[in-house]
Amino acid sequence: MAAEPSTHRLSPGSKKALHKRYPGTDVEMDEAERPRRAIRFNAIKYVRTPDLMKEMRAFLDGAIGKHLPAARSLYRT
């Protein structure tokens, strides 16, 4: 069994789609608060800070271990 936790990275296109699909969302999507990363074909995405990623990884790995003890965490987005 595997688990794939999501820490919510975003691109300008995904932000637009999320706002359209979930207009009242409270997910933080302020590009000014996130590091910018270049991905394939000169596209960009906005990610979480390294410190926040460490904190989120510890929390998510702990929750997976508690609720899904047979699962391995393979990938984080």
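Only residues that are over 14 Å from residue 14 (Cβ atoms) and outside any helix (DSSP H, G or I) were counted across segment 55-77, and they come to 9.
Name the single residue, out of those in segment 1-54 being under 29 Å from residue 70 (Cα atoms) and in a strand (DSSP E or B), that is least open to solvent (accessible area, probe 1.4 Å). Here the answer is 3.
The values are calculated or read from the model by the stated rules, or taken from the named source; none is laboratory data. Model, not experiment: these values are computed from the prediction. Using ideal geometry, Cβ is built from the backbone for each residue, glycine included, and neighbour counts are taken over all protein chains shown. Side chains included, ligands, DNA and RNA excluded: accessible areas come from the protein's heavy atoms. Shrake-Rupley method; radii C 1.70, N 1.55, O 1.52, S 1.80 Å.
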